[in-house]
1. Is there any pair linking a residue in the range 159-171 that is at positive phi to one that is of a type in the set (A, V, I, L, M, F, W, C) and modelled with pLDDT of 95 or more, with Cβ under 6 Å and at least six apart or on different chains, and which?
2. In the range 141-177, how many are in a loop (DSSP other than H, G, I, E, B), buried (at least 18 other Cβ atoms within 10 Å of the Cβ) and in contact with a helix residue (DSSP H, G or I) (Cβ under 8 Å, 6 or more places away or on another chain)?
3. In the range 333-342, is there at least one residue being without any contact (Cβ under 8 Å) to a residue 60 or more places away in the chain, open to solvent by 40 Å² or more (accessible area, probe 1.4 Å) and either assigned to a loop (DSSP other than H, G, I, E, B) or basic (Lys, Arg) (or both)?
4. Find the residue count for the range 279-309, including only residues that are closer than 17 Å to Pro246 by Cα and over 21 Å from the mean Cα position of the chain (by Cα).
5. Looking at the range 310-325, is at least one residue acidic (Asp, Glu), part of a loop (DSSP other than H, G, I, E, B) and open to solvent by 40 Å² or more (accessible area, probe 1.4 Å)?
6. Which count do you get for residues in the range 245-281 that are open to solvent by less than 10 Å² (accessible area, probe 1.4 Å), hydrophobic (A, V, I, L, M, F, W, C) and under 15 Å from Glu311 (Cβ atoms)?
7. Out of Ser89, Ser81, I need the residue that is surrounded by fewer than 20 Cβ atoms within 10 Å (Cβ to Cβ) and polar (S, T, N, Q). Which one?
8. Scan the range 192-210 residue by residue and report those that are assigned to a strand (DSSP E or B), polar (S, T, N, Q) and surrounded by fewer than 21 Cβ atoms within 10 Å (Cβ to Cβ).
Amino acid sequence: MANPVLNQSPNAAINKSILSRYLSIPQPEDKIQAMYVWIDGSGEYVRAKTRTLDFIPKSPSELPIWNFDGSSTGQSTGSNSDLYLYPVSIYRDPFRLGNNKLVLCDVYDHTKKPVATNNRYSCLEAMKLAADQHPWFGIEQEYTLLDMDYRPFGWPKGGFPGPQGPYYCGVGADKVYAREIEEAHYRACLYAGVNISGTNAEVMPAQWEFQVGPCEGITIGDELWIARFLLHRVAEEFGIVVTLDPKPMPGDWNGAGAHCNFSTEAMRKPNGIIEIEKAIDKLSKQHIRHITAYDPHEGKDNERRLTGKHETSSIHDFSAGVANRGCSIRIPRTVSEDKCGYLEDRRPASNCDPYKVSEAIVRTCCLNQ
């Protein structure tokens, strides 16, 4: 019997084996497909389009600057719609394979200034200033899978699954939904060249997490955005929707975050715990600034998530502790024992812009700005 939830999406009804017939057609040796990917006007989602190139690019600087209709992505007006795509990073394409590429791009307006959602521009400036401290980041990206009615995938229609408890890192058909998407996404990231370091099923059923890092400097933003693109693209084929909403289900259900692990070279050296404690003190004095930077709506999304319940701190108060998932900043138990390592900022929302998150941390902890 066909799955009625999957059949709600036209994509799920398409016979994918037919596509493989066409993808197996030999590609001309002097042509590749380059899919340009960029952040749209929402600051949360990506757009993409493809062009043909007659060479295999080795670096972003070799790629042509392109343009698009910004009025259709919430980034310009119809009377002055052209915006520019500046390639910044290249990845292997796990969908088209061969020499085909994914190209992450910055967006600039007609005056060649960064648009409002181009937070990479300012982030890169901060990372260059802090380069001698070698800031490393790892982000734990939580997300929720939805059906086409925007209900968590696999949840009973008109009802709810059993209470949270058996789902985190769960195994079994009654505990885990759509592992296929997680597995496909993991392999796509590895092929593309994303430094994905792990995955797990999360506390709320139909919720998952993947981790990107460690990445130094600007790379954390680049790789997390491409990993998000790959996730949406994989789920598209299964007819399932991915949401990065930080509280997709109200009530007694966990929200979704993008916990950010951070360290400098000094923190990673013996007795680096002293530098970690200094960084925490600096973060404690800039709590409002960081809350504002940690979701696209300047804290309004995180208000629904950071309640002090469901493994979160209160949005109104700063706190820190060892192995405490109810704090703003968690010092992992191993870090406390080893006296060096990293800190975990648990405040960023799942729909945060990693460029804004990493920039705020670097400016506070490394640059004293």
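The values are calculated or read from the model by the stated rules, or taken from the named source; none is laboratory data. It should be emphasised that the depicted structure is a prediction, and the values quoted were computed from it without experimental measurement. Cβ atoms come from the backbone with ideal geometry, glycine included; neighbour counts cover every protein chain shown. These accessible areas exclude ligands, DNA and RNA; they are computed on the full protein's heavy atoms, side chains included. Shrake-Rupley method; radii C 1.70, N 1.55, O 1.52, S 1.80 Å.
1. From residues that are at positive phi, the pairs are Cys169/Ala201.
2. 1
3. yes
4. 3
5. Within the range 310-325, one or more residues are acidic (Asp, Glu), part of a loop (DSSP other than H, G, I, E, B) and open to solvent by 40 Å² or more (accessible area, probe 1.4 Å).
6. 2
7. Result of the check over Ser89, Ser81: Ser81.
8. Matches in the range 192-210: Ser197, Thr199, Asn200.
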